[in-house]
Amino acid sequence: MGAIVECNNCKKIFRYNSDEIENEGTFWHPIWVVTCKNCGNKIIEEGEKLNLKIPGEFPDNFQISKRSDGIIEMKKTELKGTGEERANKSDIREYWIQLYVKENYKKLGFSKLEGPFNSGPDFKGIYVGNDLDISREEIDIEVERDFENYIKHGHHENDRFKNCKLLIILNPTQPTDDVIDKLPDYFMQIDIPDFVNWWQPKAKEYSKKSRIKGILLILSNVIKSKFVENCMDKGRDLSTCPECDICAYNEEGYNVPSESESMRYALYFLSTYKYDILSEEFNLNDIDAHELNSFIENLL
């Protein structure tokens with residue numbers, strides 16, 4: 001696709017292909033630029049700002065990530081029901097179940113608990129409760145959303161799980177006959193209402209932090225791209241530019257900035273122009289592309 005543009009200098013009208021039109025703004029605040037084919041005048045037209053508010057009210061419904069090729073992806077999914085509904089259908093991240101067990105181990109009947117560990121069963125602990133006939137000695141413990149995940153993860157075939165005596169799950173379903181022989185000797189089901197009361201405030205706080213991190217990730221990626229695009233030294237003959245920590249021209253990657261360096265520039269920009277990303281009313285389109293371009297020019 002292209003566009004028909006009239007030059008505001010010589011008044012000539014030409015059709016421009018999409019590869020002749022550059023966006024000197026951002027993807028949420030485009031600033032379209034073409035060079036007049038007749039007089040060479042730079043024609044600038046601002047595009048419509050996108051409404052990109054990143055919600056932060058509940059986890060898992062908005063995810064921001066960077067692909068291996070450096071492209072930022074934003075995915076929004078529908079909320080999946082109440083906390084109890086999600087717990088009953090195994091729609092809670094295992095991370096939260098592990099954290100619940102870690103913070104509530106005494107309530108669950110343990111006198112001691114260590115973990116979660118990066119490999120092998122999640123925890124080691126001593127069970128002293130009365131609900132399970134387990135001797136009061138240290139045992140290996142695995143935490144899953146449901147019984148099926150223990151099998152799906154291959155724990156029943158893993159030698160590191162041979163001494164796993166207890167499986168703690170959130171989903172209240174019972175194991176089927178073809179599964180039960182592959183599970184640990186004992187299992188415990190978490191009280192869902194108690195879990196949900198514990199989980200919801202933590203999940204909302206986590207969501208707020210994820211939202212802020214997502215904004216910084218997007219902004220730092222845009223700043224890095226603009227820096228490289230506008231660097232006056234990127235065409236020089238030297239293999240690397242001196243004292244430059246942000247350019248990607250070094251083929252070995254030494255000059256590619258770290259995430260922390262990119263984030264530092266993003267925070268510097270936000271503080272310079274006093275953008276309040278902590279506010280729940282903050283939108284990405286609150287960031288003015290002209291101010292971002294001015295910031296990059298000052299860095300260069």
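The values are calculated or read from the model by the stated rules, or taken from the named source; none is laboratory data. As the structure is a computational prediction, the values presented were derived from the model and not from experiment. Reconstructed Cβ throughout: ideal geometry from the backbone, glycine too, with neighbour counts over all protein chains shown.
Show me the strands (runs of 3 or more DSSP E) found entirely inside the stretch 1-70 where at least 3 residues are charged (D, E, K, R) and either at pLDDT below 90 or surrounded by fewer than 17 Cβ atoms within 10 Å (Cβ to Cβ) (or both). Talk me through it step by step, then tell me what you get.
On the way: elements: 2-6, 13-17, 31-35, 42-46, 62-66.
Filter on the stretch 1-70 gives 42-46.
Evaluate the following for ASP194: is it at pLDDT 90 or above and farther than 19 Å from GLY115 by Cα?
Numbers: at pLDDT 90 or above: yes; farther than 19 Å from GLY115 by Cα: yes.
Spelling it out, ASP194 is indeed at pLDDT 90 or above and farther than 19 Å from GLY115 by Cα.
Among the residues of the stretch 273-292, which ones are assigned to a helix (DSSP H, G or I) and either within 25 Å of the chain's Cα centre (by Cα) or at pLDDT below 90 (or both)?
Quick first cut of the stretch 273-292, residues assigned to a helix (DSSP H, G or I) only: 284-286, 289-292.
Once the filter is applied, which keeps residues that are assigned to a helix (DSSP H, G or I) and either within 25 Å of the chain's Cα centre (by Cα) or at pLDDT below 90 (or both), the stretch 273-292 yields LEU284, ASN285, ASP286, ALA289, LEU292.
For residues that are of a type in the set (Gly, Ala, Ser) and within 20 Å of PRO172 (Cβ to Cβ), scanning just the stretch 84-135, find the one that is surrounded by the most Cβ atoms within 10 Å (Cβ to Cβ).
Kept after step one, since they are of a type in the set (Gly, Ala, Ser), are these residues of the stretch 84-135: 87, 90, 109, 111, 115, 119-120, 125, 129, 135.
Next, from what is left, pick out any that are within 20 Å of PRO172 (Cβ to Cβ): 87, 90, 109, 129.
Values: ALA87: 23, SER90: 18, GLY109: 16, GLY129: 14.
In this case the residue turns out to be ALA87.
Among the residues of the stretch 118-143, write down those that are at pLDDT below 95 and out of contact with any Lys or Arg (no Cβ under 8 Å at 6 or more places or on another chain).
Once the filter is applied, which keeps residues that are at pLDDT below 95 and out of contact with any Lys or Arg (no Cβ under 8 Å at 6 or more places or on another chain), the stretch 118-143 yields ASN118, GLY129, ASN130, ASP131, LEU132, ASP133, SER135, ARG136, GLU137.
So how many residues does the stretch 79-106 have that are without any contact (Cβ under 8 Å) to a residue 60 or more places away in the chain and either assigned to a helix (DSSP H, G or I) or over 17 Å from SER207 (Cβ atoms) (or both)?
Residues that pass the stated criteria total 8.
All but one of (1) farther than 15 Å from TRP199 by Cβ; (2) of a type in the set (D, E, K, R); (3) more than 25 Å from the chain's Cα centre (by Cα) hold for LYS107; which doesn't?
(1)
The rows are residues; the columns are (1) at pLDDT below 85; (2) buried (at least 19 other Cβ atoms within 10 Å of the Cβ).
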site: GLN189; (1), (2): no, no
site: LYS204; (1), (2): yes, no
site: LEU216; (1), (2): no, no
site: ASN221; (1), (2): yes, no
site: LYS226; (1), (2): yes, yes
site: GLY235; (1), (2): yes, no
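Can you spot a residue in the stretch 145-152 that is of a type in the set (Phe, Trp, Tyr) and crowded, with 18+ Cβ neighbours inside 10 Å?
If we filter the stretch 145-152 for residues that are of a type in the set (Phe, Trp, Tyr), which is where we start, we get 147, 150.
Applying the additional criterion that residues be crowded, with 18+ Cβ neighbours inside 10 Å yields 147, 150.
Yes: the stretch 145-152 contains one or more residues that are of a type in the set (Phe, Trp, Tyr) and crowded, with 18+ Cβ neighbours inside 10 Å.
Inside the stretch 128-199, counting only strands (runs of 3 or more DSSP E) that do not spill past its ends, which hold 3 or more residues that are in contact with a Phe, Trp or Tyr (Cβ under 8 Å, 6 or more places away or on another chain) and under 17 Å from LEU108 (Cβ atoms)?
On the way: elements: 138-144, 164-169, 186-189.
Strands (runs of 3 or more DSSP E) meeting the threshold: 138-144, 164-169.
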